[in-house]
Amino acid sequence: MALFSKAIFAVYNPPIPPKKIPHIGHSNLIQLTPKPSSQKWSTAQDHGLLSTPSHLLTNSKTNYANTITREDDDICFLHARKLDVFRHVLSKLGEEAVEGLNMIDAVQRLGIDHHFQEEIDQILQKQHLIITSGSTHGANHHSDLHEVAVRFRLLRQQGYFVPDDVFNKFKESEGSFKQMLSEDIKGLMSLYEASQLSTEGEVTLDEAGQFSCHLLNTSLSHLDHHQARVVGNTLSNPHHKSLATFMAKNFFATNSRGTNNRWLNILQEVTKTDFNMVQSLHQKEIVQISKWWKELGLAKELKFARDQPVKWYIWSMACLTDPKLSEERVELTKPISFIYLIDDIFDVYGTLDELILFTEAVNRWEIGDIDHLPDYMKICFKALHDMTNEISSKVYQKHGWNPLHSLRKTWGSLCNAFLVEAKWFKSGHLPKAEDYLKNGIVSSGVNVVMVHIFFLLGQGITKQSVELLNETPAIISSAAAILRLWDDLGSAEDENQDGHDGSYIRCYLNEHQGCSIEDAQEITITLISEEWKRLNKELVSPNLFPAAFTNASLNLARMVPLMYSYDQNQCLPSLKEYMRSMLYETDSV
């Protein structure tokens, strides 16, 4: 495969002159089958999947950065030309309301919208005018359900607030949706997709979701195989709650049958080349992070620790999808690896007394005051301390803000939450479900990930935004709650679960005697839905955070089903498929 990593990295990451950092004084996730209680919230030990592929390490000996060929340069040049061609087509055809919506939907579903953001912004501004001018409510306006629903979804995804009363024209006088819509499969799929953007209290969107879901499920029995597959995929993987890069492989198979769409053909050529270039970049990043992990030496020093650099990197790859964020993905993987490492210390290896000492050390952050820690904790704390200082220095050099205080604070909060759980489960005490979830949001590690993402992105860093970030805003806490609740939804399904590792469902059942597991699961599913609504509200509410940060939080929530959907053999089939298509397959789109 051609290697374009150096060219992409050089274009997207120009050198930045160093700054001297100012002195600052010392001052778990869904699984459909649970793990053994001795490894609470740990991951399946599938090293064939999670370790660095041997062919990448072999290729790394030839130095990825120095293997750019003339052919690679030619391909990059031709790719740029194709992007310009499609950019021109998008600007021209985008003037047509429906065609513009369909083209934006296509590039977003293919995960290549970062190439066309300026054109997308211009088109959606005009689409928003259609809403605000009231033209969609006119008696002579004949826009169909598909058009209205796609416009609604794309605008909300872009941060525009569009009221859900745009769907009132598709209701009967008594308020229910028209049954005649049952024949409009395309419109129903778009309506179902739009309903995934609902926020709290939007009854019309909730009804739209239930209505479209019921009719689409009913239609499956009389559709042909291709149509049934498209509908089933929409119901199982609505765009807003799925990773676009993972679902892209199905796009052309489901959207080009029987069509001679010229812009779709151009887009397919662009997408294939783009995918190969980005795949090469991801492979390069895996080599970088695996080299860092090996040189760090913690896998040798701490035998109990997991050795899964590829899995840790997958989180970064899913959260930060823009190719130009290569350096940020590599740096983000480092704190993610420490979340897993510290989780293992608390769940598997440390005694309660040792965990208390370690938590105190992290909160103090005094590297010279760790002599009282056992050796394995000294090694871990020193590596954490050095890694955090290095990231802080890089952020300051690149963005002019020293994030050390915020990073220290989030690591302290994580260890505090881990310690609370350790004390609960050591004593056999099950807390109230609400208290468990409040603590579980922190122990999920999402706050650590998102705080690092914010500073690595370097956008919108102000005193006010940092203060808000340090208080764990809804854009973080909702993603964390989704992650924790998904994890715990699965952990109640294994009859061999002994209950010592805790879950929201077990805490709820203990608190509400006589409640069935099925009822508790339904309550948990409802809570997940409510947290998604809070995330959706963040999309259309004024806030201090940049779009890239908001998208990273959404992508983290979207990643949860792939990362923690264990099968009965403690394997991760969805994650395997995702990694295979993103990293190894040469023709995934």
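The values are calculated or read from the model by the stated rules, or taken from the named source; none is laboratory data. Remember, predicted model here, so these are calculated numbers, not experimental data. Positions of Cβ are generated from backbone atoms using ideal geometry, with glycine treated the same way; all protein chains shown enter the neighbour counts. Protein only, heavy atoms only, side chains kept; ligands, DNA and RNA dropped before computing areas. Shrake-Rupley method; radii C 1.70, N 1.55, O 1.52, S 1.80 Å.
Structure notes:
- Ala433 satisfies every condition listed in (1) surrounded by fewer than 23 Cβ atoms within 10 Å (Cβ to Cβ); (2) more than 27 Å from Lys324 (Cβ to Cβ); (3) of a type outside the set (D, E, K, R); (4) at pLDDT 95 or above except (1).
- Under the condition of being out of contact with any Phe, Trp or Tyr (no Cβ under 7 Å at 6 or more places or on another chain), buried (at least 23 other Cβ atoms within 10 Å of the Cβ) and closer than 21 Å to Asp343 by Cβ, the residues counted in segment 450-477 number 4.
- Residues of segment 168-201 satisfying the condition of being buried (at least 19 other Cβ atoms within 10 Å of the Cβ) and farther than 24 Å from Leu223 by Cβ: Leu197, Ser198, Thr199
- In segment 112-135, the qualifying residues are those that are open to solvent by 20 Å² or more (accessible area, probe 1.4 Å) and outside any helix (DSSP H, G or I), and the one that is nearest to His88 (Cα to Cα) is Ser133.
- Out of Ala228, Ala253, Ala208, sole residue that is open to solvent by less than 20 Å² (accessible area, probe 1.4 Å) and among the aliphatic types (A, V, I, L, M): Ala208
- Across segment 357-370, the qualifying residues are those that are in a helix (DSSP H, G or I) and surrounded by fewer than 20 Cβ atoms within 10 Å (Cβ to Cβ), and the one among them that is nearest to the chain's Cα centre (by Cα) is Asn363.
- Residue list for segment 533-589, restricted to those being outside any helix (DSSP H, G or I) and open to solvent by 30 Å² or more (accessible area, probe 1.4 Å): Ser541, Pro542, Asn543, Leu544, Asp567, Gln568, Asn569, Gln570, Cys571, Glu585, Thr586, Asp587
- In segment 300-327, residue farthest from Pro573 (Cα to Cα) [restricted to those that are part of a helix (DSSP H, G or I) and open to solvent by 30 Å² or more (accessible area, probe 1.4 Å)]: Glu301
- Sub-9 Å Cβ pairs linking a first residue in segment 371-392 that is open to solvent by 50 Å² or more (accessible area, probe 1.4 Å) to a second residue that is among the acidic types (Asp, Glu), at least 6 apart or interchain, are Asp375/Glu301; Lys378/Asp371; Ile379/Glu301; Glu390/Glu331, ordered by first then second residue.
- Within segment 328-351, being closer than 29 Å to Leu281 by Cβ and open to solvent by 10 Å² or more (accessible area, probe 1.4 Å) holds for Glu328, Val330, Glu331, Lys334, Ile339, Tyr340.
- Residue within segment 550-568 that is of a type in the set (Phe, Trp, Tyr), over 20 Å from Phe454 (Cα atoms) and at pLDDT 95 or above present: no
- Entry remark, segment 371-391: residues being assigned to a helix (DSSP H, G or I), farther than 21 Å from Val442 by Cβ and touching a helix residue (DSSP H, G or I) at 6+ places or on another chain (Cβ under 8 Å) number 4 in total.
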